[in-house]
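Here the structure is laid out as structure tokens; the discussion comes afterwards.
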Amino acid sequence: MGNQQWIAAAEDFAKAQLGRDTTGHDWFHTDRVRNTAALIAGMEGADVLICTIAALLHDVADEKLNDSKEAGLLKVHNWLAEHLTDEQKIRHIMLIIETMSFSGGGGAPMSTLEGQCVQDADRLDALGAIGIARTMVFSGAKGRPVYDPDLTPRDESLQKEYRDYSKGTAVNHFYEKLLKLKDLMNTPYGRKLAEERHDFMLLYLEQFYKEWNQGSQKLL
């Protein structure tokens, strides 16, 4: 199977698995991550093909969309084994996907340049205007309110706390994850792209609190 056929097959698989998602982890998210990962890989001298396939499959294995992390990883591994005979490439792609998760900011560091490119691309899609929109969509899907001034951001150092979707608010998620991502970027080009998106989120929060406080004032 040629590279383009392999990419097309991975696209079809990702679309079939993610096309109906309504939490912000849909095919369009995957497509953006794939394109950004390839861009960063080109700038950093990484293997663009490995980055492309890993990016296309990264959310197919996500534990948020499967019964467990193990079940998601097995699904991806089985697909790779059916479409690829190079065991080294399979191991490389699986290593990237296994290490992708934010996990409260305490996950293991990426050990390969390709993994760093894909992880940066995924984190970039959680920043900026699109990151804000995805946060609101995800929070709504999980029953979280937009904001509650009586609820403070949680300590997200533990994965159990991070994955407890019954707590928290959309705005608190900025402090629990999104505003940490700029300093967690792996590559120089990823950090450069993250700066602008990070600054936009700070402006958004400033405007949000301004409007919230105006709307909360009692005049009578």
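The values are calculated or read from the model by the stated rules, or taken from the named source; none is laboratory data. Everything quoted here is computed from the prediction, not taken from an experiment. As a convention, Cβ positions derive from the backbone with ideal geometry for all residues, glycine included, and neighbour counts pool all protein chains shown. Ligands, DNA and RNA are stripped out before the accessible areas are found, and what is left, the full protein with its side chains, is counted by its heavy atoms. Shrake-Rupley method; radii C 1.70, N 1.55, O 1.52, S 1.80 Å.
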Item to check | Positions within region 52-85 being aliphatic (A, V, I, L, M) and in contact (Cβ under 8 Å) with a residue 12 or more places away in the chain, in sequence order | outcome: Ile53, Ala54, Ala55, Leu56, Leu57, Val60, Ala61, Leu65, Leu73, Val76, Leu80, Leu84
Checklist outcome for this item: Per the filter on region 22-33, residues more than 17 Å from Met110 (Cα to Cα) and either free of Cβ contacts under 8 Å to residues at least 24 places away in the same chain or within 14 Å of the chain's Cα centre (by Cα) (or both) are Thr23, Gly24, His25, Asp26, Trp27, Phe28, His29, Thr30, Asp31, Arg32
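For residues in region 1-20 being in contact (Cβ under 8 Å) with a residue 12 or more places away in the chain and small (Gly, Ala, Ser), which is surrounded by the fewest Cβ atoms within 10 Å (Cβ to Cβ)? Steps first, answer last, please.
Within region 1-20, the subset in contact (Cβ under 8 Å) with a residue 12 or more places away in the chain is 1, 3, 6-7, 9-11, 13-15, 17-18.
Narrowing the set further to residues that are small (Gly, Ala, Ser) leaves 9-10, 14.
On the way: Ala9: 17, Ala10: 25, Ala14: 23.
So the residue we want is Ala9.
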Next on the checklist: Take Glu114 and tell me if it is closer than 19 Å to Ile40 by Cβ, charged (D, E, K, R) and assigned to a helix (DSSP H, G or I).
Outcome noted: yes
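So which residues in region 42-58 are touching an Asp or Glu at 6+ places or on another chain (Cβ under 8 Å), open to solvent by less than 50 Å² (accessible area, probe 1.4 Å) and not aliphatic (A, V, I, L, M), if there are any at all?
Filtering region 42-58 down to residues touching an Asp or Glu at 6+ places or on another chain (Cβ under 8 Å) leaves 46-47, 50-51, 54-56, 58.
Filter again for open to solvent by less than 50 Å² (accessible area, probe 1.4 Å), leaving 46, 50-51, 54-56, 58.
Once the filter is applied, which keeps residues that are touching an Asp or Glu at 6+ places or on another chain (Cβ under 8 Å), open to solvent by less than 50 Å² (accessible area, probe 1.4 Å) and not aliphatic (A, V, I, L, M), region 42-58 yields Cys51, His58.
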Checklist entry - Pick from region 98-126 the residues that are hydrophobic (A, V, I, L, M, F, W, C), open to solvent by 10 Å² or more (accessible area, probe 1.4 Å) and more than 20 Å from Tyr175 (Cβ to Cβ): which of them is modelled with the highest pLDDT? => result Leu113
Next on the checklist: All but one of (1) over 17 Å from the mean Cα position of the chain (by Cα); (2) at pLDDT 90 or above hold for Leu184; state the number of the condition that does not hold.
Outcome noted: (1)
Checklist entry - Of (1) in contact with a Ser or Thr (Cβ under 9 Å, 6 or more places away or on another chain); (2) touching a residue at least 24 places away in the same chain (Cβ under 8 Å), Ala38 satisfies all except one. Which? => result (2)
Next on the checklist: Please go through region 1-48 and give me each residue that is farther than 25 Å from Leu65 by Cβ and modelled with pLDDT under 95, ordered by number.
Outcome noted: Met1, Gly2, Asn3, Gln4, Gln5
Next on the checklist: Looking at region 130-149, can you tell me whether even one residue there is exposed (fewer than 15 other Cβ atoms within 10 Å of the Cβ), outside any loop (DSSP other than H, G, I, E, B) and at pLDDT 95 or above?
Outcome noted: yes
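Yes/no matrix, rows are residues, columns are (1) closer than 25 Å to Arg134 by Cα; (2) open to solvent by less than 10 Å² (accessible area, probe 1.4 Å); (3) in contact with a Pro (Cβ under 7 Å, 6 or more places away or on another chain):
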residue	(1), (2), (3)
Thr22	yes, no, no
Thr36	yes, no, no
Val60	yes, yes, no
Glu82	no, no, no
Asp86	no, no, no
Checklist entry - Limited to region 24-34, what total is found for residues that are among the basic types (Lys, Arg) and open to solvent by less than 40 Å² (accessible area, probe 1.4 Å)? => result 1
